[in-house]
Amino acid sequence: MNGMQGGAFSGAIRTVAVRMVTAVVMLAGAVWLGLDLYASRESILTEKRDLVQQKSQFMSQWFGTTILSADYVLRDILGRVAPSGLGPQAGTPHWREQMNRLLQQKKQSLEALEGLSVYGPDCVFLVAADPRVIGFRSNQSFCRDPSVPVSTETVVQYMPTERSASHRPVLLVSRNMVDADGKLVAGALAAIDLSFAQNWLNGFPVGPRDVLAVVDGEDTLLARNPLIPDVIGRRAPAPPGQPSFGETRGSASFLATSPFDGRARIFGISKIERIPLLVIVGLDREDVLADWRHRAVLVGAGYLVLTGLVFGLIRAHRVALRQREMMHRLAVTDPLTGIANRRHLLEAAEQAVHQAWRDGTPLSVLQLDIDHFKQVNDRWGHPVGDRAICLLTQEMATHVRPEDTIGRLGGEEFAVLLPGLERAQAVAVAERLRQAVAEARFDAGSGGAQGITVSIGVADLQDSDTGFDGVQLRADAALYRAKASGRNRVIAA
C-alpha cells in the first residue's frame, strides 16, 4: 500500500514538475517574442526616421534649385548689361523696351518668379517686370549704408508677409555688378512668390494622415500638404524638447505630436541652404506601425493558441495518466480498503524474498485474521463487517513502517510484509498491532461502538525456502494455532 502511495505521489510530483517547466519555457518564449516584437518596432521607427530625414533633405535640395534657377536668370540679365554698363542709354525708351521685354521673357521662364527688376548705381529701380516698383529704391544693406561693401555674390533675403510689398511671403534674390573700384554699377533683383511652395508640395504624393510642410525662420507655416487653409500663416511651435525651427541647422528627425491635428508623427526637417526656410516631412506613426501591430496581434494570438494547446495537451496527458493510474490501482488494490489485493501482495512478497536473498537481510511476515468475523456480519450486517475490516486496515497502516507492505488476502484475512526485521522484531510489531486493534472501536449502528480482536501468525524467511510459499505456509500455520489457542493472540512459527 505504501509503495503504491509513493508511486502516486511521485507521479503527481512529475506532473507538477512538467507543468512548471512548461510554464517557464512558455514564459521564456513569450518574453523572447515580446523582445523581438519590440526590437522590430524600434527598427521600423528608426528606418522611418532615416527615411523622413532623407526625404526632407532631398526636398530641401529640390526647393533650392528654384533659387539656383533665379540666380541663373539674374546672371543672364546682368550679362546683357555688362558690355556697356548703365551708360547714357539707360533709361531711354528704347533701352527700357528692350530690358522690359527681356525681364518679361525671363519671368515667364520660371514659374515661381513674381517679379524681376534692374537697379542702377543709386539702387533706384530703372526697369521692372512690375512697373509699379520703378523709381523705388532697393532696401539692401549696402543701399542703406554706403560703408557696407557691395556683395558680388548672390544674396538671398526672406521677406515675411508683414514686410512684403505684395503682402505675401517672398524671397528676394539679388546679384550685383561692380567696377574696378568695387562700386555698384548695376544690379538685378528677383522676387520669388512663396505661395508657389503650396503648389510644389501638392505635387508630391502623401498619405492621408502624413504631412509635408514649409516653414520660415520665424516658425510660420507657409505651405502644407494636405492643405489646411486655417493654419497657413500661423506659427508652428516646435515639439517639446526640440529647438525652434528657426534654430535648426542642417537636418534632424524626431517623434512628436503635431500641434495642429494632435497626430503623433515621425518628423524629418531640413533647412534649405542659404535660405531661412525649412522643409518638414511627417509620417503618421499609427500608419507606420499598422503592419507591425497586425503582425504583433497575429503573433500574440498565435502564441496564446499555442500556449493553450500545449497546456491542453499536458492536461489531456495528465488525465490519461490519472486514468491509467486508476486502472492500475483498481488492478492491484482492494476496492474496500485501498490496500494491496491478493495478487499484488503476492507479487510484492516474491520481490521482497528476492531482495532479502540478494541483500542478505531478514524478512518476516504477519498473517492476520479477524476473530469471529462471521458473527459480526450475521449480527449487524455486512456494512458493519466492512467497517470492522476498515478499522483493522487503519490500525495496520498506523503501526507499520513506510517500507512495509500490507494487503488483503481475502475476506477477513490479511498479511503484512516486514523486510529487514527478524522474527522476534516481527513478533513485537504483531503484539503492538494486536493490542491496538483490541482497544479500537467502530460504529456498529444499532449495536453502538463495538470492537474486534485479531489472531496473528508470524514467520520469517529461512534458508531452506525456495520462495514466498514456504514463509506463507508457516505464517498461516502459526495463525491457525493462535486461533486454536483461544484467539486474540500472536504466535510465531
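The values are calculated or read from the model by the stated rules, or taken from the named source; none is laboratory data. These numbers come from a predicted model, not from an experiment. We place every Cβ from the backbone using ideal geometry, glycine too, and count neighbours over all the protein chains shown.
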Original post:
So which residues in the stretch 433-452 are surrounded by fewer than 14 Cβ atoms within 10 Å (Cβ to Cβ) and out of contact with any strand residue (DSSP E or B) (no Cβ under 8 Å at 6 or more places or on another chain), if there are any at all?
Top reply: GLU439, GLY445, SER446, GLY447, GLY448
Original post:
Going by the conditions given, is GLN242 among the polar types (S, T, N, Q), part of a loop (DSSP other than H, G, I, E, B) and surrounded by 14 or more Cβ atoms within 10 Å (Cβ to Cβ)?
Top reply: yes
Subject >> Checklist (1) hydrophobic (A, V, I, L, M, F, W, C); (2) crowded, with 16+ Cβ neighbours inside 10 Å; (3) over 22 Å from TYR480 (Cα atoms) applied to CYS390, failing item >> reply: (2)
**OP:** Could you list, in sequence order, all residues of the stretch 69-96 that are at pLDDT 85 or above and not small (Gly, Ala, Ser)?
**Re:** ASP71, TYR72, VAL73, LEU74, ARG75, ASP76, ILE77, LEU78
Original post:
In the stretch 436-493, what residues are polar (S, T, N, Q) and touching a residue at least 60 places away in the same chain (Cβ under 8 Å)?
Top reply: SER446, GLN450, THR453, SER455, GLN472, ASN488
Original post:
For the stretch 221-250, what are the residues that are among the hydrophobic types (A, V, I, L, M, F, W, C) and at pLDDT 75 or above?
Top reply: LEU221, LEU222, ALA223, LEU227, ILE228, VAL231, ILE232, ALA236
**OP:** Please verify whether the stretch 257-264 includes one or more residues that are surrounded by 13 or more Cβ atoms within 10 Å (Cβ to Cβ), in a loop (DSSP other than H, G, I, E, B) and among the aromatic types (Phe, Trp, Tyr).
**Re:** yes
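Residue-by-condition table, conditions (1) closer than 24 Å to ARG132 by Cβ; (2) among the charged types (D, E, K, R):
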| residue | (1), (2) |
| --- | --- |
| VAL148 | no, no |
| GLU153 | no, yes |
| MET159 | yes, no |
| LEU189 | yes, no |
| ASP216 | no, yes |
| ALA223 | no, no |
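For the stretch 121-139, name all the residues that are touching a Gly at 6+ places or on another chain (Cβ under 8 Å) and part of a loop (DSSP other than H, G, I, E, B).
First, the residues of the stretch 121-139 that are touching a Gly at 6+ places or on another chain (Cβ under 8 Å): 123-126, 128-130, 133, 138.
The answer is CYS123, ALA129, ASP130, SER138.
Of the residues that make up the stretch 316-327, is at least one crowded, with 16+ Cβ neighbours inside 10 Å, assigned to a helix (DSSP H, G or I), in the same structural domain as THR398 (by TED's automatic domain parsing) and not β-branched (Val, Ile, Thr)?
First, pick out the residues of the stretch 316-327 that are crowded, with 16+ Cβ neighbours inside 10 Å: 318.
The next check asks that each one be assigned to a helix (DSSP H, G or I); those that pass are 318.
Next, only the ones that are in the same structural domain as THR398 (by TED's automatic domain parsing) stay: none.
There is no residue in the stretch 316-327 that is crowded, with 16+ Cβ neighbours inside 10 Å, assigned to a helix (DSSP H, G or I), in the same structural domain as THR398 (by TED's automatic domain parsing) and not β-branched (Val, Ile, Thr).
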Original post:
(1) outside any strand (DSSP E or B); (2) in contact (Cβ under 8 Å) with a residue 12 or more places away in the chain; (3) closer than 16 Å to THR405 by Cβ: which one isn't true of VAL384, the others all being true?
Top reply: (3)
**OP:** Might you check whether a residue that is assigned to a helix (DSSP H, G or I) and either without any contact (Cβ under 8 Å) to a residue 60 or more places away in the chain or in contact with a strand residue (DSSP E or B) (Cβ under 8 Å, 6 or more places away or on another chain) (or both) occurs anywhere in the stretch 415-423?
**Re:** yes
Subject >> Failed item in (1) at pLDDT 85 or above; (2) over 23 Å from ALA70 (Cα atoms); (3) not assigned by TED's automatic domain parsing to the domain that holds ARG132, with GLU218 passing the rest >> reply: (1)
**OP:** Report yes if ALA256 is closer than 30 Å to ARG132 by Cβ and hydrophobic (A, V, I, L, M, F, W, C), otherwise no.
**Re:** no
Original post:
Looking at (1) in contact (Cβ under 8 Å) with a residue 60 or more places away in the chain; (2) surrounded by fewer than 21 Cβ atoms within 10 Å (Cβ to Cβ); (3) not in a strand (DSSP E or B), which is the one condition that is false for TYR158?
Top reply: (3)
**OP:** Pull up the stretch 340-369, narrow it to residues that are touching a helix residue (DSSP H, G or I) at 6+ places or on another chain (Cβ under 6 Å) and of a type in the set (Val, Ile, Thr), then point me to the one that is surrounded by the most Cβ atoms within 10 Å (Cβ to Cβ).
**Re:** VAL365
**OP:** Give me a count of the residues in the stretch 393-403 that are basic (Lys, Arg) and surrounded by 15 or more Cβ atoms within 10 Å (Cβ to Cβ).
**Re:** 0
Subject >> Condition check for VAL118: among the aliphatic types (A, V, I, L, M), farther than 15 Å from VAL73 by Cα and in contact with a Leu (Cβ under 7 Å, 6 or more places away or on another chain) >> reply: no
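Taking the stretch 197-214 as the search range and keeping residues that are farther than 14 Å from ALA112 by Cα and buried (at least 21 other Cβ atoms within 10 Å of the Cβ), which one is nearest to the chain's Cα centre (by Cα)? Let's see the steps before the verdict.
Pass one, the stretch 197-214, residues farther than 14 Å from ALA112 by Cα: 202-214.
Next, only the ones that are buried (at least 21 other Cβ atoms within 10 Å of the Cβ) stay: 211-214.
Details: VAL211: 30, LEU212: 33, ALA213: 35, VAL214: 38 Å.
Among residues in the stretch 197-214 that are farther than 14 Å from ALA112 by Cα and buried (at least 21 other Cβ atoms within 10 Å of the Cβ), the one nearest to the chain's Cα centre (by Cα) is VAL211.
Only one of GLN57, GLN104, GLN108 is surrounded by 13 or more Cβ atoms within 10 Å (Cβ to Cβ) and either at pLDDT 85 or above or within 15 Å of ALA191 (Cα to Cα) (or both). Can you tell me which? Steps first, please.
Numbers: GLN104 fails: surrounded by 13 or more Cβ atoms within 10 Å (Cβ to Cβ); GLN108 fails: surrounded by 13 or more Cβ atoms within 10 Å (Cβ to Cβ).
None of the others qualify; the one that does is GLN57.
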Original post:
Is one or more of the residues making up the stretch 351-360 free of Cβ contacts under 8 Å to residues at least 12 places away in the same chain and assigned to a loop (DSSP other than H, G, I, E, B)?
Top reply: yes
